[in-house]
Amino acid sequence: MDAKNILKFIEKLAENNNREWFAANKEWYLEVKNEVDQFAKLWLERLVELDPELAGLEPKDCVYRIYRDIRFSPNKEPYKHWMGIYVAKKGGRKSPYGGYYLHLQPGQCMFAGGIWCPEPELLKALRQDIYDNAEELEEIFAKKEVTPYLKDFDTEYMLKTVPASFRQKNPDYDPEWPHADWLKRKAFTFSYPLRDKELEKPDFIDNLMTLCRAGKPLNDFLNYTVENQ
């Protein structure tokens with residue numbers, strides 16, 4: 001993957017986010033898109049070795065479109081400032097399951113996984129299963145292949161307090177419970193930042209797979225709830 005070329009295109013697109021510039025640079029975009037698609041194909045092949053349930057997915061299922069849906073947005077820029085690949089069973093980027101995500105954006109590249117902002121009923125089920133199986137989740141975060149990279153769930157989407165509906169359903173809940181923050185989350189994602197230069201290294205796919213192996217136990221934990229929802 002020519003990461004330098006991909007990130008340069010994204011940088012220039014962010015600076016010239018209009019249809020005229022995009023049309024004039026369509027060949028560059030198609031070159032970059034092909035690079036991302038080919039990397040997604042390689043990554044999928046490696047991921048299926050780690051998680052056979054991902055078999056059958058293709059790059060078109062997992063690579064996000066560059067075009068923004070501006071119909072209901074006050075921001076009328078037609079293109080995203082990033083490119084991304086999300087690999088998850090039963091749908092790729094449209095799947096409700098926890099999966100593996102690579103975010104490509106100058107200065108903000110990252111690996112991520114888990115479940116982002118699930119539907120209300122699934123969110124309630126995830127909170128309950130985390131509460132009921134907190135020791136198992138603690139053990140996952142403490143695994144030697146996990147803890148160097150993923151210390152906890154991300155904190156970007158959080159409530160200020162544990163939801164009243166959860167407390168009503170669990171009258172024995174102790175407000176001093178040490179993992180109360182897990183119950184405040186509206187998303188159960190985990191992430192690891194990547195320097196732009198890391199994506200240019202020949203062994204980047206191997207390093208990315210190390211992060212995927214770290215994320216798999218967390219995805220498996222979350223996906224058990226999705227399966228039984």
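The values are calculated or read from the model by the stated rules, or taken from the named source; none is laboratory data. Being a predicted model, the structure only gives us computed values, none of them experimental. All Cβ positions, even for glycine, are placed from backbone atoms using ideal geometry, and neighbour counts span all protein chains on display. With ligands, DNA and RNA removed, areas are computed over all heavy atoms of the protein, side chains included. Shrake-Rupley method; radii C 1.70, N 1.55, O 1.52, S 1.80 Å.
What ranking of 130, 205 comes out by heavy-atom accessible area, probe 1.4 Å, highest first?
Working: 130 0, 205 20 Å².
Result of the area sort, largest leading: 205, 130.
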Hey, what did the chain get for relative contact order, percent, Cα under 8 Å, at least 6 apart?
22
For residue 166 the rounded accessible area (nearest 10 Å², probe 1.4 Å, non-protein molecules ignored) is 10
Write down the Å³ per residue value for the convex hull defined by the alpha carbon atoms of the chain.
139
Normalise the Debye intensity by I(0) for segment 143-202, one equal point scatterer per Cα, no solvent, then take log10 at q = 0.13, 0.27, 0.29, 0.30 Å⁻¹ and round to two decimals.
-0.51, -1.12, -1.17, -1.20
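So what is the relative contact order of segment 47-114, in percent, for Cα pairs below 8 Å that sit 6 or more residues apart? Let's see the in-between values first.
On the way: 102 pairs, mean separation 16.7, N = 68.
Reported as a whole number, the value is 25 percent.
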Over the chain, with a Gaussian network built from C-alpha contacts below 10 Å, which listed residue (97, 86, 131) shows the highest mean-square fluctuation?
131
Give the span of segment 89-218's Cα atoms along each principal axis, as three whole-Å numbers ordered largest to smallest.
54, 31, 27
Which of 30, 194, 150 moves the most in a Gaussian network model of the chain with Cα springs under 10 Å?
30
Within straight-line cross-link reach of residue 169, lysines at Cα separation under 27 Å, skipping those fewer than 8 residues along the same chain:
124, 160, 184, 186
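So for segment 165-229, what percent of the C-alpha to C-alpha distances run longer than 12 Å? Before the final figure, lay out each step's value.
Details: 1656 of 2080 pairs.
When all Cα pairs of segment 165-229 are counted, 80 percent exceed 12 Å.
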Just to be sure I understand the model, the point goes 7 Å from the Cα along the line to the Cβ. What's the resulting residue 77 to residue 25 distance in nm?
1.2
With +1 on the Cβ of every Lys and Arg and -1 on the Cβ of every Asp and Glu, and nothing else charged, how large is the dipole of segment 1-131 about its Cα centre, in debye rounded to the nearest 20?
380
Mind jotting down the three principal axis lengths of segment 1-135 based on Cα atoms? Whole angstrom, largest first.
54, 38, 25
